[in-house]
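The values are calculated or read from the model by the stated rules, or taken from the named source; none is laboratory data. Here the structure is a predicted model, which is why all the values come from computation and not from measurement. Ideal geometry is used to build each Cβ from the backbone, glycine not excepted, and the neighbour counts take in all protein chains shown.
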């Protein structure tokens with residue numbers, strides 16, 4: 001049973017790895033609450049400032065403020081909460097295993113501290129739940145799935161109880177709304193577990209709750225709106241208004257490193273790397289911010305997409321020298337291999353591809369893909385014919401559609417030999433046409449890739465991705481019945497490196513279609 005729970009909740013790592021939603025959970029500053037309800041919670045000016053410094057990733061300054069406050073009011077439960085909140089930011093970005101062990105040991109003490117609050121305070125269960133969620137996301141990030149899953153269950157029950165005891169206390173919905181979305185995205189064949197455990201929720205419900213916070217709580221409006229936006233960016237689809245908003249926020253807060261990071265990653269995901277590069281270049285730097293070597297990884301990605309291979313290698317190399325974590329190491333060495341291989345420097349490429357199999361982990365999808373392809377290359381199963389496909393892929397990922405189209409126009413399916421190559425050729429062609437707005441022309445190529453992938457287990461990733469995109473095409477045409485068929489088809493493929501993300505998106509789309 002424990003391992004089944006772990007598998008059913010393994011998708012929560014997806015959210016933790018992207019550093020996205022939970023970093024903006026639980027803003028508990030300046031809410032007008034009666035003194036007798038607050039009990040011993042004191043939202044002092046220093047702690048309020050510390051909270052906002054954490055949100056900007058100015059962690060050294062935040063911790064200094066927290067320590068100053070501790071010297072005069074050591075029993076304030078808000079201190080324990082902010083310590084947990086700050087440490088989560090650090091761990092999700094730095095992936096520091098030693099600090100993780102210290103964090104886990106300290107969480108029980110923080111829970112005890114918050115547990116001293118009065119039962120009349122709506123903050124007691126909210127603080128307890130959010131500290132448990134901090135633990136959950138950290139544990140899932142570091143591979144402790146079973147324990148992390150139980151933390152989520154405990155947090156959910158605390159939040160549901162808080163909602164019943166204090167129905168007018170809208171801040172509860174920030175965390176509860178997020179959990180309702182996550183619970184609603186659990187694969188259908190595991191929903192029986194959530195029912196047994198008493199976990200209820202769906203994506204639409206969670207979005208409604210977040211938007212209630214936006215409507216009812218002016219102070220929390222930006223936080224709830226950002227969570228809503230990120231859910232759409234990584235599970236649903238961004239509206240034009242939401243895309244405009246993600247560009248505007250960093251300009252409104254130029255000293256907020258986290259907002260610049262979010263804008264960069266969301267725009268890169270939306271295949272707008274030229275726009276993302278602007279926010280990456282404008283990201284604030286300085287000793288007042290925590291180290292963030294992952295920004296160099298992102299610079300390497302953009303340079304690779306543009307075909308600036310030497311610059312890309314330099315950025316990836318700088319990332320690896322500064323980084324002490326365990327994700328994206330294989331992927332970085334793989335991308336450095338790609339930079340040399342695509343530039344025709346095959347001998348130099350070999351040294352990088354060997355490092356892919358010798359270092360890092362295979363937790364995130366990018367590292368899983370890097371490991372698989374590196375082994376295939378070493379085994380002689382990757383042909384130079386695929387160089388054109390990789391060049392087109394990276395150009396498409398960066399939004400350089402015209403460049404990608406020119407590359408693909410130099411070949412046809414007949415230029416490729418294996419089923420995998422043929423499936424990828426058709427998928428890449430379809431994506432380029434789709435990105436160019438040629439919706440009717442892209443569908444036959446997706447269908448061809450889907451058919452090829454169904455006959456070849458090694459091409460299942462292209463088949464699942466093609467089915468998902470066909471579903472989006474029909475959804476855009478308001479042909480919901482066909483869309484439903486293809487979203488379900490996308491989820492039917494059992495083993496491929498993109499299964500978690502594709503299943504998340506297909507499940508969300510089906511929810512939107514009331515399935």
Give the stretch 197-238 a look and list any residue that's more than 21 Å from the chain's Cα centre (by Cα) and at pLDDT below 80, or say none. 197, 198, 218, 219, 220, 221
Among 148, 115, the single one that is buried (at least 21 other Cβ atoms within 10 Å of the Cβ) and either within 21 Å of the chain's Cα centre (by Cα) or farther than 30 Å from residue 250 by Cα (or both) is 148
Given 281, 263, which one is free of Cβ contacts under 8 Å to residues at least 24 places away in the same chain and under 29 Å from residue 504 (Cα atoms)? 263
Subset tally (residues that are surrounded by 20 or more Cβ atoms within 10 Å (Cβ to Cβ) and either in a loop (DSSP other than H, G, I, E, B) or over 21 Å from the mean Cα position of the chain (by Cα) (or both)) for the stretch 310-322: 3
Would you mind telling me which numbered condition in (1) crowded, with 19+ Cβ neighbours inside 10 Å; (2) under 23 Å from residue 142 (Cβ atoms) residue 374 fails? (2)
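Please work out if residue 230 is touching a residue at least 40 places away in the same chain (Cβ under 8 Å), farther than 19 Å from residue 176 by Cβ and either buried (at least 22 other Cβ atoms within 10 Å of the Cβ) or in contact with a strand residue (DSSP E or B) (Cβ under 9 Å, 6 or more places away or on another chain) (or both).
Numbers: touching a residue at least 40 places away in the same chain (Cβ under 8 Å): yes; farther than 19 Å from residue 176 by Cβ: no; either buried (at least 22 other Cβ atoms within 10 Å of the Cβ) or in contact with a strand residue (DSSP E or B) (Cβ under 9 Å, 6 or more places away or on another chain) (or both): yes.
Here the answer is no, as residue 230 does not meet what is asked.
Is it the case that residue 264 is more than 22 Å from the chain's Cα centre (by Cα) and in a helix (DSSP H, G or I)?
Values: more than 22 Å from the chain's Cα centre (by Cα): no; in a helix (DSSP H, G or I): yes.
No: the conditions fail for residue 264.
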Given the condition outside the structural domain of residue 55 (by TED's automatic domain parsing), closer than 18 Å to residue 242 by Cβ, in contact with a helix residue (DSSP H, G or I) (Cβ under 8 Å, 6 or more places away or on another chain) and not in a loop (DSSP other than H, G, I, E, B), answer yes or no: does some residue in the stretch 278-292 qualify? yes
Within the stretch 407-430, residues surrounded by 14 or more Cβ atoms within 10 Å (Cβ to Cβ) and out of contact with any helix residue (DSSP H, G or I) (no Cβ under 7 Å at 6 or more places or on another chain) come out as 418
